[in-house]
Amino acid sequence: MSESIKTYIQDLFRYLEDYESNYSEFKTEAFFQTYNGIFAVFQALRKQRDKAVEVDLFFLENIKQAPLSSSDLRQLTIQILITFFESEADTDGQSNQAYLHCRDLRSIKRDAAFFEEHLVPLLYREGSLNNNLQLNDFFLKEISRYINKFARGIRADMNPEEFDALPEHHKLLELSRRRLELGDQLAKDRNSLEFQLQRIGVFNKLSEKSRIFDHYLRQWDYLITTSFWSRLKSSLGVIWGKFKGLFKSFNYFRLSLLQRKPAFLYYGLIIIIFILLAIYVPMRWKSYSMEKYQEFERQATDTREAISK
């Protein structure tokens, strides 16, 4: 098994080189298959310690061949995969040399914190991963999976105010972690954070801030998309309904005028009507005057012609 996984590891690093030197030759699906093929043997290596040590050293040898900063894909792939390897396969501290090497290169040593504060911003950055959204999706899920399993659980009772206080890239990660843990139909659950955020328009605002956020929110069906005319019709319908309601009862009408918003609405409409009348009446009067003047001029002309005959 160790020889077959070594072949997978060699293939993985070859894909990283293709990404960095000749992106047009990079094969996304083949990269995923290779990554997942390596990951699939981590659990088995827990019981095969000699092979785990051998794989660990082979990882380390390949990692040292190029700086992790050579590309965003190299950094994401190696830091995430080797951290999973240490967490899943290293049971006795003997197969963690590649992990320790990678951790020493980090500005933040704690795994989850490093993922949150360094790797997720890489994904959130404009143009990350050569705008390959498949890669972006894949690594966001991997980071979410690691944090959910090895760091901490999600807060199922988070409210919109707490969500709003998070940094932008944390919001993206939080939504991804929640989908992974609670399912992908959260926006349909009236008790969920996602339903509340969708209802108050938070997702639409976030989608306007970032192309990456817009991609994920559309992919997750969290955006409410309606045409301009539909929104205008709906808004006017609400306003007209409230306006008609004012006149259903005189007592209700009088009470409404004591409330700030209905009073603003009523007096605002009155002001608008008077402004329109101030524009419309002079225009109509000018038109009427012109018609009368032209009629008078025609009559005068006809009279002069009759006298001259």
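The values are calculated or read from the model by the stated rules, or taken from the named source; none is laboratory data. Computed from a predicted structure; not experimentally measured. Reconstructed Cβ throughout: ideal geometry from the backbone, glycine too, with neighbour counts over all protein chains shown.
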Of (1) modelled with pLDDT of 95 or more; (2) in a helix (DSSP H, G or I), residue 106 fails just (2)
Filter segment 1-42 down to the residues that are of a type in the set (Lys, Arg) and outside any helix (DSSP H, G or I) and list them by number. 27
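Conditions tested, residue by residue: (1) out of contact with any Phe, Trp or Tyr (no Cβ under 7 Å at 6 or more places or on another chain); (2) at pLDDT 95 or above.
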{"position": "154", "(1), (2)": "yes, no"}
{"position": "173", "(1), (2)": "yes, yes"}
{"position": "189", "(1), (2)": "no, no"}
{"position": "236", "(1), (2)": "yes, no"}
Total residues in segment 182-201, condition part of a helix (DSSP H, G or I) and surrounded by fewer than 14 Cβ atoms within 10 Å (Cβ to Cβ): 2
Take the residues in segment 43-57 that are surrounded by fewer than 19 Cβ atoms within 10 Å (Cβ to Cβ), in a helix (DSSP H, G or I) and touching an Asp or Glu at 6+ places or on another chain (Cβ under 8 Å); name whichever of them is modelled with the lowest pLDDT. 43
Lone qualifier among 115, 85 - being in a helix (DSSP H, G or I) and closer than 26 Å to residue 6 by Cβ: 85
Please specify each residue of segment 163-210 satisfying the condition of being among the polar types (S, T, N, Q) and over 20 Å from residue 149 (Cα atoms). 185, 191, 192, 196, 198, 204, 207, 210
Cβ-Cβ under 9 Å, sequence separation 6+ or interchain: first residue in segment 8-36 and under 17 Å from residue 55 (Cα atoms), partner outside any helix (DSSP H, G or I). Which pairs? 8/41; 13/65; 13/66
Note down all Cβ pairs under 8 Å where the first residue falls in segment 267-295 and is modelled with pLDDT under 80, the second is surrounded by 10 or more Cβ atoms within 10 Å (Cβ to Cβ) and part of a helix (DSSP H, G or I), and they're at least six residues apart or on different chains. 269/243
Subset of segment 156-179 [part of a helix (DSSP H, G or I), over 16 Å from the mean Cα position of the chain (by Cα) and touching a residue at least 12 places away in the same chain (Cβ under 8 Å)]: none
Can we say residue 128 is surrounded by fewer than 16 Cβ atoms within 10 Å (Cβ to Cβ) and assigned by TED's automatic domain parsing to the domain that holds residue 43? no
Among the candidates 56, 72, residue that is over 22 Å from residue 136 (Cβ atoms), touching a residue at least 40 places away in the same chain (Cβ under 8 Å) and not aliphatic (A, V, I, L, M): 56
Is there any pair with a first residue in segment 91-106 that is closer than 17 Å to residue 48 by Cα and a second that is assigned to a loop (DSSP other than H, G, I, E, B) and at pLDDT below 95 whose Cβ atoms are under 8 Å apart and which are 6 or more apart or on different chains, and what are they? 91/46; 96/90
